[in-house]
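This report refers to the structure that appears directly beneath it.
The values are calculated or read from the model by the stated rules, or taken from the named source; none is laboratory data. This structure is a prediction, so every number in the text was calculated from the model and none was measured. A quick note on method: Cβ atoms are made from the backbone with ideal geometry, for glycine too, and the neighbour counts reach across all protein chains shown. Just the protein is used for accessible areas: all its heavy atoms, side chains included, with ligands, DNA and RNA removed. Shrake-Rupley method; radii C 1.70, N 1.55, O 1.52, S 1.80 Å.
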Amino acid sequence: MRHPPSSRVRRALVACLTAALAALVPLTLTVPARAAVAPLPTSAAAAAAGAGYWHTDGRKLLDAQNQPVRMAGINWFGFETSNYVAHGLWSRDYKSMIDQMKTLGYNTIRLPYSDDIFKGTQPNGISYANGMNADLQGLNSLQVMDKLVDYAGSVGLKVVLDRHRPDSSAQSALWYTSAVPETTWIADLKALASRYQGNSAVIGIDLHNEPHDPACWGCGDTSTDWRLAAERAGNAVLSVNSSLLIFVEGVQTVNGVSGWWGGNLAGVANAPVRLNVGNRLVYSAHDYATSVAQQPWFSDPSFPANMPAVWDKYWGYIFKQNIAPVWLGEFGTTLQSTVDQKWLAALVDYLRPTGTYGADSFNWTFWSWNPNSGDTGGILKDDWQTVDTVKDGYLASVKAPGFTGGGGGGGDTTAPSVPTGLAVTGTTSSSVSLSWKASTDDTGVAGYDVYRGTAKAGEVTGTSFTDSGLTAGTRYDYTVRARDAAGNTSAASASVPATTSGSGGGSSGCTATYKVSSDWGGGFNADVTVTNTGSSTTKSWQVTWEWAGSQTISGMWNATYSQVGKAVTASNADHNGAIAAGASTGFGFGAAPGGAGTPVLSCRAG
């Protein structure tokens, strides 16, 4: 794991290789396009993938309907620290945070915890100002975890629970300490398996984070043999919930050859983990760059062409030999050095682009969502809102489609019918009223989600909705999705446009500045800063422009958008519409082709 500097008490003594690496495999380095959104599902079946509990078939992960799935996710740490809760809730509402993860194209959350949370710990570091996190007040850490898991499942994200530490004080080499014996470790794992039984948003448990020396693999000493301990713990979890996936990390040293903590799975070749329930085992590796620690392969003259052979040696062979799925549970970097940039580009290529290989690929969760990870930083910047678009952009080619919403696991996987007849029934200078025909469902429609562009504008139980707080003289595009009580969501309705009355355009109450952050010819990323030039806090804002060329936006973060021809309208997301007088916020997007120049922006605040 990667935490703030005060918590970084490991890694400095990572052992070097004591034997020569295998023959090197040449690598043609391809820097990925930086569009920061996941590939969209190409069929209704693809959109519904991920339902229910998952299982394995060789190196593949399959959902309850035997559809192949790919975990492409993010680590969100904090429950394992002395805050006893996921970090960042001092700045954001947890639903807003999870929605942003989904918008960026992450489909899985790895949620670290320590065994302290089973002691009734009360979380600290949660803000309830202005209604934020209101439904978390008065809850203990486990109850807050329930809320995060349930909401993630409801919007189609899966969760892997990661036993990161025995307690909140520090990482441990072994799965037990004098204060937290193996019996406690296993009892707490079983308690989690029982707590989330029937909730298939939780697809599995990572048994222990980063075992390292003196942990061994296959040595036969029950006090240090991590492979044997993983079998004991994994089988205990499966005795409570036989549907869960069991994620088993590697160790540091196997047969005298050392690597990253938890990243050495070379021992699997001769001593695989044996579980009592078949098709539940996933091996997990960790891999990092020089911002965490130096390793011999970074100074090899052939770097980065040597890296595929390194990864093959430690964990990649498991996937390539069709032994089991492999999940790169942690990898990250500050991305400040050229070496780290080359490492990440090579690793993403090694993980197999989704557009080429689909779900027949390595699974992964990037470290981390949090910006306060001392030796890697995060996808979010220090304001806990702005996306590091360069870092996020490296991951674009290996992101994967999201999953069907609703993690309750009650057996209902049938989505409602698509709403029809969506129509505009009225407009004012600041609102649009809509109506549509009711959907049908085998268990009954629970409600409808109304989308303005790519952002949810609201949810209702009936078949009409009024979207307010809009900008005069502006076009908006709307769709509606139906959902049932199990969380299954229909495909989107046909889109309808609506234009508010009054005059729009020009600049009013805000300014917007535009900067291209990267341009690789075939596409580019850009950042826009919105500044409140008025004397009071904004409720909303909107930025518009027209391209001089044929550019098309492929995805946007921290804002919603619509594009009609050359005209683009970007509106605030739920979490950043309010800008104090004189303050700024920002959003970014990916588009193609490159070489777009700088358009003239108009900004209007509401």
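Quick notes on this one:
- Ligands, DNA and RNA aside, Val445 has an accessible area near 50 Å² when probed at 1.4 Å.
- What separates the Cα centres of segment 422-457 and segment 510-545 is a distance of 28 Å.
- Shape of segment 511-572, Cα gyration tensor, a/c cut at 1.5: prolate
- Whole-percent pair-distance distribution, where bins are 10 Å wide, for the alpha carbons of segment 240-366: 12, 43, 33, 10, 2, 0
- If the chain linking Asn130 and Thr598 were pulled fully straight, counting 0.36 nm for each residue of separation and taking away their Cα-Cα distance, it would gain 164.8 nm.
- Relative to the longest principal axis of the Cα atoms of the chain, the long axis of helix 94-103 makes an angle of roughly 90 degrees.
- Ellipsoid semi-axes in whole angstrom, largest first, where each is sqrt(5λ) of the Cα gyration tensor of segment 68-189: 25, 19, 11
- Segment 416-473: C-alpha gyration tensor shape, a/c 1.5 cut-off, then a/b vs b/c: prolate
- Debye equation applied to the C-alpha atoms of segment 459-606, log10 I(q)/I(0) at 0.12 Å⁻¹: -0.56
- For the chain, the longest principal axis of the alpha carbon atoms and the long axis of helix 338-350 meet at an angle near 90°.
- The stretch between Thr529 and Ala187 holds 118.1 nm of extra length on full extension. This uses 0.36 nm per residue minus the Cα-Cα distance.
- Charge tally in the Cβ shell below 13 Å around Val251, where Lys, Arg are +1 and Asp, Glu are -1, Val251 excluded: -4
- Contour excess over end-to-end distance, with Cα ends at Asp221 and Asp146 and 0.36 nm allotted per residue: 23.3 nm
- Measuring how big segment 329-431 is from its alpha-carbon positions, Rg and Dmax come out at 19.7, 57 Å.
- Within-12-Å neighbourhood charge of Asn322 [Cβ basis; K, R +1; D, E -1]: +1
- Both radii were evaluated on the Cα set of segment 106-165; the Rg over Rh quotient, with Rh as the Kirkwood radius, amounts to 0.98.
- Label of the coordinate-derived value, Rg and Dmax of the Cα atoms in Å, listed as (i) 26.2, 84; (ii) 24.2, 77; (iii) 28.2, 106: (ii)
- Accessible surface, per residue, of segment 120-215 when the full set of protein chains is kept, probe 1.4 Å, Å²: 33 Å²
- Secondary-structure-derived ellipticity at 222 nm for the chain, considering helices only, amounts to -4000 deg cm²/dmol, per-run term -39500 (n - 2.57) for DSSP H runs with n ≥ 4.
- The chain, accessible surface, carbon-and-sulfur percent (1.4 angstrom probe): 51 percent
- Using alpha-carbon coordinates, inclination of helix 141-154 to the longest axis of the chain, degrees: 60 degrees
- The antiparallel fraction among DSSP beta bridges confined to the chain stands at about 70%.
- Sequence-separation-based contact order of the chain, relative, with Cα cut under 8 Å and 6+ spacing, percent: 16 percent
- Computed on segment 299-386, with alpha-carbon pairs under 8 angstrom and 6+ residues apart, the relative contact order is 27 percent.
- Quarter the surface of the alpha carbon convex hull of segment 134-196 and you get the mean projected area, 5.5 square nanometres.
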